């Protein structure tokens with residue numbers, strides 16, 4: 001499919017961020033947009049992560065759109081099916097599905113300097129647009145380990161984010177690689193029915209209790225009839241997270257409090273001294289994501305579960321060999337090995353002015369002005385790109401901040417027929433300010449290796465190293481002032497008008 | 001324990017013989033892209049508090065953006081416990097740490113009373129004033145609670161922890177805690193230092209005649225679910241201080257522990273633009 005239509009906006013991705021922007025643009029008059037989704041349905045992370053036990057670590061009344069509140073959340077921390085259903089519900093109610101092209105994977109996007117247009121090539125055709133927004137997530141492409149022999153394994157092997165529901169794990173010998181956020185949710189589920197479950201741990205996570213419960217019908221009714229009560233709860237949850245930020249700045253009182261919570265939880269749940277020492281973390285709390293679970297430690301304590309705190313050296317046809325030379329026989333191997341977070345695959349597909357690839361611009365780690373726009377890439381907006389992740393808080397708050405910024409920028413571009421580009425100097429100054437704030441944080445000084453820090457430059461590129469409110473204060477309101485603003489040349493302007501009149 | 005990495009601590013001798021302890025985060029952090037950030041913020045604790053027990057949460061937040069100083073008043077002798085004596089302790093400490101440069105003065109509860117009195121009597125020292133859960137004249141509602149506290153203090157001090165937890169926090173906050181968290185909180189409160197002299201002082205607070213002397217931009221922060229110093233008390237401060245704005249946080253009296261980040265952000269926003277809001281503005285809350 002190729003048409004001469006020039007869209008105002010093309011959004012790549014229909015997860016929480018892309019869908020949120022789509023809803024906002026659909027509510028804005030006079031902006032034409034289309035969404036490209038590589039899969040056959042919406043939902044992003046919450047469509048892909050269907051492993052048993054998948055749930056959110058942020059309370060649902062906060063982990064949802066403020067512009068689409070849901071009084072009917074069944075519990076404090078909703079599970080994956082309920083979150084995905086919520087997204088479908090929003091998409092339908094807001095009538096954005098007709099804007100989405102499914103099975104449309106963006107393979108290339110190039111900036112045409114002459115016409116001031118992005119040409120987006122996808123598996124569903126070519127799209128031309130004034131503004132390109134990537135909303136492809138930062139935890140969307142599974143990171144596969146390159147362990148020797150991994151292709152030799154004769155049993156079933158899959159990543160947690162690509163769960164193979166045809167495989168029956170009951171009564172089988174299962175291996176789980178990793179003990180991160182996905183692993184600790186899936187392990188208790190597998191442990192229920194596996195003959196033998198072996199968990200391979202690289203480093204132990206800190207885990208705190210999950211203060212979860214079902215909402216009563218009276219509470220749901222209250223939230224429905226009295227939306228202010230739901231808003232008050234949402235605010236309370238937000239400020240609760242916001243108040244934890246000094247943990248990440250290594251403030252002793254905060255560190256002591258959260259560490260005490262985590263270690264008390266560990267002591268309460270693990271009585272076996274050998275297991276206790278294996279799951280006691282050896283780095284400062286907060287350096288890696290703090291996890292919340294009530295059933296992970298009890299699962300590890302089960303008769304049919306074994307935790308190996310040694311790395312997997314090799315995969316064989318019938319199992320794995322660990323660093324201590326042990327051969328563990330397995331029927332299935334589940335990889336909970338995380339995602340490509342710092343070296344985003346989509347950056348290899350976008351070429352800006354002068355044909356420069358975004359991946360080249362980001363060769364030592366992602367960087368973007370206001371965490372959203374990139375020098376050399378006019379009229380490109382990156383959602384959940386560099387420095388937008390959080391150590392403690394709801395990513396939806398960051399998404400909505402970016403939605404507001406991008407929507408205002410798009411309205412400006414449309415009204416002024418403008419091309420917006422940030423200069424290298426302004427981008428660098430912004431990145432300097434982010435780096436300055438990342439110094440002294442537990443992420444850079446906590447003595448651990450994590451996906452928060454780019455291994456190529458040791459820069460903290462995935463997380464926002466300040467209060468969430470500060471992110472919104474700095475990056476939530478668009479102003480053309482920091483930008484180089486150019487009007488579309490007269491010729492291009494005329495063509496643009498003709499195209500508009502054809503639509 | 002360090003209240004914030006890199007912070008100095010020490011003691012200051014006051015001319016009446018009292019000794020004030022302080023934390024000082026100097027040098028101030030490099031300024032954030034927004035606001036000039038050159039202010040020095042001085043934190044004044046309330047009844048039964050100290051720099052650390054009152055401001056362990058708020059101090060590190062402010063210190064990411066401003067040079068922050070927190071004081072612990074000397075309450076070791078009855079003559080040190082009066083509004084005039086506290087004003088003297090605060091004034092001399094600030095002069096000693098900051099010279100003649102005016103500061104942002106933040107006071108919580110009785111500390112807000114002291115901060116207002118200092119701002120009224122020494123306007124040259126205070127650039128901006130923030131009162132948190134303060135009041136100007138003790139009312140019957142407060143006296144009744146004070147009577148109860150005294151009765152328990154004298155007859156059954158073992159119950160004070162629960163009584164003060166009940167008074168200090170909002171229902172929502174207490175309900176959000178686990179059982180262990182709630183008993184830890186109660187224990188912490190019952191373990192705090194003796195506050196008998198300050199509770200006596202609280203009975204007779206009346207600075208209502210001085211509110212009109214406060215001229216600097218003032219942010220009056222009320223706590224919507226405060227059982228100790230009601231939002232109506234803060235509304236009277238808002239009414240009496242000419243150049244003031246009003247902001248209400250849905251928290252109990254101990255907002256400094258219950259919702260420190262919302263208080264911090266409110267102070268930060270006000271400092272970035274104390275004149276953005278015309279005097280008399282009721283500042284609306286931002287929602288997540």
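The values are calculated or read from the model by the stated rules, or taken from the named source; none is laboratory data. Everything numeric here is computed off the predicted structure, so don't read it as measured data. Neighbour counts are summed over all protein chains in view; Cβ atoms, including those assigned to glycine, are modelled from backbone coordinates with ideal geometry.
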Expected single match for under 23 Å from the mean Cα position of the chain (by Cα), more than 14 Å from chain B (Cβ to nearest Cβ), on the phi < 0 side of the Ramachandran plot and modelled with pLDDT of 95 or more among A:207, A:174, A:190 is A:207
With the first residue restricted to segment A:343-364 and required to be assigned by TED's automatic domain parsing to the domain that holds residue A:381, and the second required to be crowded, with 21+ Cβ neighbours inside 10 Å and part of a helix (DSSP H, G or I), Cβ contacts under 7 Å at 6 or more apart or on different chains are A:347/A:358; A:350/A:358; A:352/A:358
Exercise for the section: Considering every residue within segment B:44-60, establish whether at least one is farther than 28 Å from residue B:232 by Cβ, surrounded by fewer than 22 Cβ atoms within 10 Å (Cβ to Cβ) and more than 15 Å from the chain's Cα centre (by Cα). Expected result: no
Counted residues in segment A:294-307 being in contact (Cβ under 8 Å) with a residue 12 or more places away in the chain, over 14 Å from residue A:176 (Cβ atoms) and either out of contact with any strand residue (DSSP E or B) (no Cβ under 8 Å at 6 or more places or on another chain) or part of a loop (DSSP other than H, G, I, E, B) (or both) come to 4
Filter pass, residue A:73 being in contact (Cβ under 8 Å) with a residue 12 or more places away in the chain and not in a loop (DSSP other than H, G, I, E, B): no
Next item on the list: For segment B:256-263, state whether one or more residues are away from chain A (no Cβ under 14 Å), under 16 Å from the mean Cα position of the chain (by Cα) and surrounded by 24 or more Cβ atoms within 10 Å (Cβ to Cβ).
Entry: no
Going through segment B:173-203 in order, the residues found to be closer than 16 Å to residue B:254 by Cβ, within 14 Å of chain A (Cβ to nearest Cβ) and modelled with pLDDT under 95 are B:175, B:176, B:177, B:181, B:182, B:184, B:185, B:187, B:188
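Residue by residue, here is whether (1) within 14 Å of another protein chain (Cβ to nearest Cβ); (2) more than 23 Å from residue A:469 (Cβ to Cβ) holds:
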position: A:392; (1), (2): yes, no
position: A:399; (1), (2): yes, no
position: A:405; (1), (2): no, no
position: A:409; (1), (2): no, no
position: A:413; (1), (2): no, yes
position: A:416; (1), (2): no, yes
position: A:421; (1), (2): no, yes
position: A:429; (1), (2): yes, no
position: A:433; (1), (2): yes, no
Being more than 17 Å from residue B:130 (Cβ to Cβ) and touching a strand residue (DSSP E or B) at 6+ places or on another chain (Cβ under 7 Å) narrows B:39, B:13 down to just B:13
Scanning segment A:254-274 for residues that are more than 28 Å from the chain's Cα centre (by Cα) and buried (at least 18 other Cβ atoms within 10 Å of the Cβ) gives A:269, A:270
Here the residues within segment B:245-255 that are in a loop (DSSP other than H, G, I, E, B) and either facing chain A (nearest Cβ under 10 Å) or out of contact with any helix residue (DSSP H, G or I) (no Cβ under 9 Å at 6 or more places or on another chain) (or both) are B:250, B:251
Counted residues in segment A:214-251 being under 21 Å from residue A:57 (Cβ atoms) and away from chain B (no Cβ under 13 Å) come to 2
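Can you pull out the residues in segment A:308-340 that are part of a strand (DSSP E or B) and under 28 Å from the mean Cα position of the chain (by Cα)?
Keep residues of segment A:308-340 that are part of a strand (DSSP E or B), which gives A:308, A:312-315, A:319-322, A:327-329, A:332-335, A:339.
Once the filter is applied, which keeps residues that are part of a strand (DSSP E or B) and under 28 Å from the mean Cα position of the chain (by Cα), segment A:308-340 yields A:312, A:332, A:333, A:334, A:335, A:339.
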